[in-house]
Each structure stands twice: as structure tokens, then as C-alpha cells.
Amino acid sequence: MSFLPPRALILAPMVELSHVALRDLIASFGGCDRYSTEMSGAAAYVAGAPWDRWFLDTTPEPGLTSVQFFAPDAPTLAQAIAKLRRELAAAGLPFGGVDLNFGCAAPQIEKAGGGVSWMKDPEGAAALVATARSLLPDEPLSCKLRLGYEESAPGLVSFCRGLADAGADWLTLHPRLRHEKFRRTGKWAYVGLLSGELDIPVIGNGDVRDLASFRAAVDGQGAGGVMIGREAVRRPWIFALLRGQDGDPAFSMIVDVLKTGMDFLDLLKRRLPPEFHLSRARRFFFYYCDNLSFGHHLRFAIQNAPDLDTIERLFLSYFEQVPAERVQKQA
Ligand SMILES: Cc1cc2nc3c(=O)[nH]c(=O)nc-3n(C[C@H](O)[C@H](O)[C@H](O)COP(=O)(O)O)c2cc1C
């Protein structure tokens, strides 16, 4: 079953960023084709971790939002999927799908046998996908990965073929090695290689920021679409802009940078618990300040602000000083 339109635009899973407030903000610009939650540990979720209600919130587009899990083993993942199905049904929401994290290299996750550590165990990873597939006969199932521990084209193709044969609907590749974080340019030829080798869509991820990088992924490498992370925080309108420009490269948008930032703060307050407000606002403005010429000063002040009211005041006062930056043409 194909769950992705051609040239798909997907929001990346990002801890403390890909929450309901950001998805709401993106939806206010027309949205994207699919969304992701931030990652959740399958084991913690099964054990009833306190904040999972917010981590696993799939609104405002529950039918289009994949919950991303990292899982140490297949039985735990199976329990997590069963619990998620029960909870979504109880809330009367559609089950938008599951994304399996095979890329995270955070030490505590790798040590617990989740994320990138699965790349050392191709059969185990394929079995994990097969387990999820058996529990998700009609819902989207995808996997997200990096290049792994070392560069090996045959190793990568064989690992990904195992995931595809086990039933993944699509794969997302962020073509950097485990240890590369965001250093160096992504090795996008691997997206092209996988797209040619696999019968399922391969989504490219990493540094997609504009029409040129979108087209390089889709037309240059044959990707089924792109997943966008940080640029969707910097410019929550990026999906609308790309969609417009892909049809007509001269397409442009006028955005109110002040209003969008204030809308975000309002969504944060309304949609997430107070315990999340400060950390999530800091994370968001870390990227969003890139829209402003003196954004580095504002970013620094926001990172050190003690509460949300101060952040709001700092943000508003920026535009009192630089009013010309409030409304910007995006092309
Ligand atoms: C703050 C932050 C948190 C992230 N959290 C996750 C996560 O929970 N799961 C995941 O698979 N990738 C995570 N990533 C990686 C992104 O999904 C994405 O692969 C990466 O940012 C590259 O895409 P970009 O260049 O469009 O940002 C995170 C990245 C950032 C910057």
C-alpha cells in the first residue's frame, strides 16, 4: 500500500521540537504530507513513563502522523504498538503509523540496544520490522536510519533490503555516518543508490532547506520525497514554500515573522504542559532566530531567559527595535 504521494514532504522526528505545537504551526501554513512525533522509548512507554501522553500526541493530523519508537527488542515493541492502538482507539483517533528509529546514536539509547545499534544486527532489525508489520497490517510502517558505523554500500543495501523485505512501507535515510552528527555534507549518493536498489520509496533527509536541495534529492537522487527537520523549525512555512515553488519556481510567500513566533508561543501554552514550556521555547527559538539579522543576540538572550514571559518580551522587543524585519518575503 502506498501511503506517500510522489515528491513527499515529511516533518522529521526531533526531540523537544516535533511536538503538537510545531505540527499545529506547520499545519497553519497548509501542512505537509506526513508528520512525525519525537522519538519515544518503547520500553518506557510500556512501563507508563510520565510524559508519554505528550510525546505520543499525534494531533492535529493523527491519520498522517507516525509515532517514532526506539526499541530494544521485538516483544517490547509489540507491547508498545498494542498499547498505542488501544489508546488511540479509546481517544477515537486514527492510527497514523509507526516509524522505527535505527539512526539515533545518543549514548543511552545505543547502550540500551536501540537506535543505530540495530545496524550491527541486520537480522534482528528485520525481525523487529516483521513484528511491527504483523501488528500494523493496514497502517504505515517506516524506518529511519543513518549510514551506520562505517561506509559500506553493499552493507547498507543489504541492511535496507532486509527492512524492505520484512514489510517496511518506506525508509528514510539521513546519509551521514553514526559519529558525524551534522559535520560534513551528507553523502547523498547513498540515497540515490538505495532508491535504485529498493522497490519501496526512499526518503532523503539532511540539510534540505530550499527548492534546490529538494530537487537535488527528488530529481537528482530519485528519492520518493524529503524529510525536513531543522529548516521546518527555522521556517515552519517551508513545506508550503516548497510545494508552491516546485510547481512554479517564481512562487513566493509573504510571512509575518513576529506573528508566527507569537503563534508558536501561544500554541506552546495551550497545547503542552507548563513543565515543557521553557525548554521547548528555547529549542524553537534557537533555530527560528536565524530569520533575523541580529538573531544571534536574541537567541543568546532567549537561551538564558528564566521563563516564557521573558522570552515573549524579548521577542516582541526585537521588532520594536527592528520593525522592518517583521514582514518578510520568502522566495
Ligand atoms: C534537536 C534534534 C532532535 C532530534 N531528534 C530526533 C529523534 O527523536 N529521532 C530521530 O530519528 N532523529 C532525530 N533527529 C534527527 C532529525 O530527525 C534529522 O535526521 C536531522 O536533523 C537531519 O535533518 P535536517 O538537516 O533536516 O535537520 C533530531 C535532530 C535534532 C536537531
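The values are calculated or read from the model by the stated rules, or taken from the named source; none is laboratory data. Worth saying up front: this structure is predicted, and the values here are computed from it rather than measured. Using ideal geometry, Cβ is built from the backbone for each residue, glycine included, and neighbour counts are taken over all protein chains shown. For accessibility, only protein heavy atoms count, side chains too; no ligands or nucleic acids. Shrake-Rupley method; radii C 1.70, N 1.55, O 1.52, S 1.80 Å.
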Determine, yes or no, whether Lys269 is at pLDDT 95 or above, over 19 Å from Ala305 (Cβ atoms) and either part of a strand (DSSP E or B) or outside the structural domain of Ser36 (by TED's automatic domain parsing) (or both).
no
Checklist (1) out of contact with any His (no Cβ under 8 Å at 6 or more places or on another chain); (2) in contact (Cβ under 8 Å) with a residue 60 or more places away in the chain applied to Leu268, failing item:
(1)
Given the conditions (1) of a type in the set (A, V, I, L, M); (2) more than 23 Å from Glu151 (Cα to Cα); (3) within 13 Å of the ligand (Cβ to nearest atom), which single one is not true for Met227?
(2)
Looking at the range 219-250, which of the residues that are in contact with a Gly (Cβ under 6 Å, 6 or more places away or on another chain) and touching a residue at least 40 places away in the same chain (Cβ under 8 Å) is nearest to Tyr190 (Cα to Cα)?
Val226
Which of the following residues is closer than 30 Å to Phe285 by Cα, in the same structural domain as Pro13 (by TED's automatic domain parsing) and of a type in the set (Gly, Ala, Ser): Ser195, Ser152, Ser213?
Ser213
Say whether the condition of being part of a helix (DSSP H, G or I), of a type in the set (Phe, Trp, Tyr) and open to solvent by less than 60 Å² (accessible area, probe 1.4 Å) is met by at least one residue in the range 102-124.
yes
By residue number, the members of the range 66-121 that are among the charged types (D, E, K, R) and either away from the ligand (no atom under 14 Å from the Cβ) or at pLDDT below 95 (or both) are Asp73, Lys83, Arg85, Arg86, Glu87, Glu110, Lys111, Lys120, Asp121
In the range 196-209, the residues that are within 12 Å of the ligand (Cβ to nearest atom) and open to solvent by 70 Å² or more (accessible area, probe 1.4 Å):
Arg209
Within the range 118-146, tally of residues that are under 22 Å from Gly229 (Cα atoms) and of a type outside the set (A, V, I, L, M)
5
Selection from the range 214-248 of residues open to solvent by 30 Å² or more (accessible area, probe 1.4 Å), in a helix (DSSP H, G or I) and in contact with a strand residue (DSSP E or B) (Cβ under 8 Å, 6 or more places away or on another chain) yields Arg243
Which one is surrounded by the fewest Cβ atoms within 10 Å (Cβ to Cβ) among residues in the range 287-328 that are part of a loop (DSSP other than H, G, I, E, B) and of a type in the set (A, V, I, L, M)?
Val322
Answer yes or no: is there a residue in the range 182-195 that is at pLDDT 95 or above, open to solvent by less than 30 Å² (accessible area, probe 1.4 Å) and aliphatic (A, V, I, L, M).
yes
Can you pull out every residue in the range 34-54 that is more than 10 Å from the ligand (Cβ to nearest atom) and within 12 Å of the chain's Cα centre (by Cα)?
Arg34, Tyr35
Across the range 249-258, what is the number of residues that are farther than 18 Å from Ala8 by Cα and open to solvent by 50 Å² or more (accessible area, probe 1.4 Å)?
3
Taking the range 147-181, which residues are of a type outside the set (A, V, I, L, M), open to solvent by less than 40 Å² (accessible area, probe 1.4 Å), more than 18 Å from Val98 (Cα to Cα) and touching a Phe, Trp or Tyr at 6+ places or on another chain (Cβ under 8 Å)?
Gly148, Pro175, Arg176
Would you pick out the residues in the range 1-24 that are modelled with pLDDT of 95 or more, within 19 Å of Leu171 (Cβ to Cβ) and not β-branched (Val, Ile, Thr)?
Phe3, Leu4, Pro5, Pro6, Arg7, Ala8, Leu9, Leu11, Ala12, Pro13, Met14, Ser18
